[in-house]
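All remarks here apply to the structure that follows.
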Amino acid sequence: MNVSPEAQRLVLQIQNLQQQAQLVVAQKESLNAQKEEVKRALEELEKSGDEVYKAVGPVLVRTEKKKLETELRERLETIELRLKTFGSQEEKILRNLKEKQQKLESIIRGGGEK
């Protein structure tokens, strides 16, 4: 069966979109893991006394509890914003992927009827 140049182009675009979708999903998974880690750190911080430490590279440094809590909340906010952005990207990629797949199916069905 001969495959039209348009069908070949769509197949390549579909493969590219699938790779993009996989990358976005992997990034979202990583961010979700970071989000849970920050949430656990905030929970532990609430239970702790006034003397707290944070990791700076391989070293633990004493810091103010309020300052660390602010840093963690800001990090959590940044992560949530990035997750929202990746969610939008994923939706856009999946919509585009669906459109390309439908076009390809239409070409294949149309070519099969000739």
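Structure above, values below:
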quantity: Which numbered condition E90 misses (of (1) in contact with an Asp or Glu (Cβ under 6 Å, 6 or more places away or on another chain); (2) under 30 Å from V3 (Cβ atoms); (3) not polar (S, T, N, Q)); calculated: (1)
quantity: Residue check for I108: within 19 Å of the chain's Cα centre (by Cα) and surrounded by 13 or more Cβ atoms within 10 Å (Cβ to Cβ); calculated: no
quantity: Among the residues listed as G49, G87, the single one being of a type in the set (G, A, S), closer than 27 Å to E29 by Cβ and either modelled with pLDDT of 95 or more or exposed (fewer than 11 other Cβ atoms within 10 Å of the Cβ) (or both); calculated: G87
quantity: Top-ranked residue of segment 1-46 - restricted to ones that are among the polar types (S, T, N, Q), more than 18 Å from E91 (Cβ to Cβ) and assigned to a helix (DSSP H, G or I), ranked as modelled with the lowest pLDDT; calculated: Q8
quantity: R62 vs. criteria touching a Phe, Trp or Tyr at 6+ places or on another chain (Cβ under 8 Å) and free of Cβ contacts under 8 Å to residues at least 60 places away in the same chain; calculated: yes
quantity: Sole residue being surrounded by 11 or more Cβ atoms within 10 Å (Cβ to Cβ), touching a residue at least 24 places away in the same chain (Cβ under 8 Å) and acidic (D, E), chosen from E71, E80; calculated: E80
quantity: First in segment 22-35 and at positive phi, second anywhere and outside any helix (DSSP H, G or I) and of a type in the set (D, E), Cβ under 8 Å, 6 or more apart; calculated: none
quantity: Unique match (being over 30 Å from N2 (Cβ atoms) and more than 14 Å from the chain's Cα centre (by Cα)) among L60, L81; calculated: L60
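Residues are listed down the side, and each one gets a yes or a no for (1) among the hydrophobic types (A, V, I, L, M, F, W, C); (2) touching a Lys or Arg at 6+ places or on another chain (Cβ under 7 Å); (3) within 30 Å of L17 (Cβ to Cβ):
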| position | (1), (2), (3) |
| --- | --- |
| V52 | yes, yes, no |
| T70 | no, no, no |
| R73 | no, no, no |
| I79 | yes, yes, yes |
| I93 | yes, no, yes |
| N96 | no, no, yes |
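The values are calculated or read from the model by the stated rules, or taken from the named source; none is laboratory data. Quantities reported herein were computed from a predicted structural model and do not represent experimental measurements. Every residue, glycine among them, receives a Cβ derived from its backbone with ideal geometry; neighbour counts consider all protein chains shown.
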